[in-house]
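Nothing in this text is a laboratory measurement; each read-out follows from the coordinates by a stated rule. Treat the numbers as computed from the prediction; the structure is a model and nothing was measured. Positions of Cβ are backbone-derived with ideal geometry, glycine not excepted, and every protein chain shown enters the neighbour counts.
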């Protein structure tokens, strides 16, 4: 199977000496990959190198089996939505999509299909310069998806959209991945939304990829012995012998332990009996992408 994205020992140092990407290596086979990290982590730089917009200082990137190169871009099978795209203001959405369709050999039917898919038919004959921020964002998605390319790279795809349209866009991405086998690389700060659609993740911090792989496997590895316990009147200190404890509102405690399940539950109930406490809830905690993100950054030794 050809990797969708294969990054090997890639470094980018700008002329001012800033090292934006530092010896990064990871691969992405297929599906929907989330590329996440704090501001300045190197995400946008990595994307720009992947599509040939800026030069790689050292290392190699292959996108859809082809070597990424500043001198020889290879975007025929790739749709892209940049975080701050620039479009001509004095032509309409439909005129713009017709022009792009000629470049990528998409049909008129493809244009109408993507206009319908994104729900922009009501203003597709408006000039681009007159669009609201939300309209412009959906038009940008239509531009990236035109012709249903094999890979679509989206940088903050739901910015400027209201909650209903954010939900619709994410549903559309999931449907296209399943029904048309389109692969997506999505860079966003909204981790809760990304978790709903992505099956792979790469977390960047300080120019490095600190964690990458299938999201479900990473969560299982890092949080396989995590429990949520609700005990009114308790405090975190009494559970400290069980492992790492964090307290949340509503007498909720998250306990990460090295103990087996049987031993953990036995010791927990001994503690509750000793302190005359009654649990309202006990069960495995279902960690989120946000928790995985926080833990990955905590474990990044370059931050220490």
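Listing for the model above:
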quantity: Inter-label distance for residue 14 and residue 86, nm, one decimal - labels placed 7 Å from Cα along Cα-to-Cβ; calculated: 1.7 nm
quantity: Estimated translational D of segment 41-196 in µm²/s (Stokes, Kirkwood radius over Cα pairs; 37 °C; 0.692 mPa s); calculated: 202 µm²/s
quantity: R0 of 30 Å, Cβ-Cβ distance residue 69-residue 224: FRET efficiency to nearest 0.05; calculated: 0.10
quantity: Cα convex hull of segment 83-146 - mean projected area over all directions, nm²; calculated: 3.9 nm²
quantity: Segment 175-245 and segment 60-134: distance between their alpha carbon centers, rounded to Å; calculated: 32 Å
quantity: Distance histogram for segment 224-286 (every C-alpha pair counted, 5 angstrom bins, percent rounded to whole numbers); calculated: 4, 19, 35, 30, 11, 1
quantity: Rg/Rh for segment 3-70, where both radii come from Cα atoms and Rh is the Kirkwood radius; calculated: 0.94
quantity: Virtual paramagnetic centre 7 Å along Cα→Cβ of residue 77, amide N under 16 Å, in segment 161-187; calculated: 180-185
quantity: Peptide ranges 262-275, 175-188 listed from the most packed, as the mean C-beta count within 10 angstrom indicates; calculated: 175-188, 262-275
quantity: Helix-only [θ]222 nm of the chain, DSSP H runs n ≥ 4, -39500 (n - 2.57) each, per residue, nearest 500; calculated: -9500 deg cm²/dmol
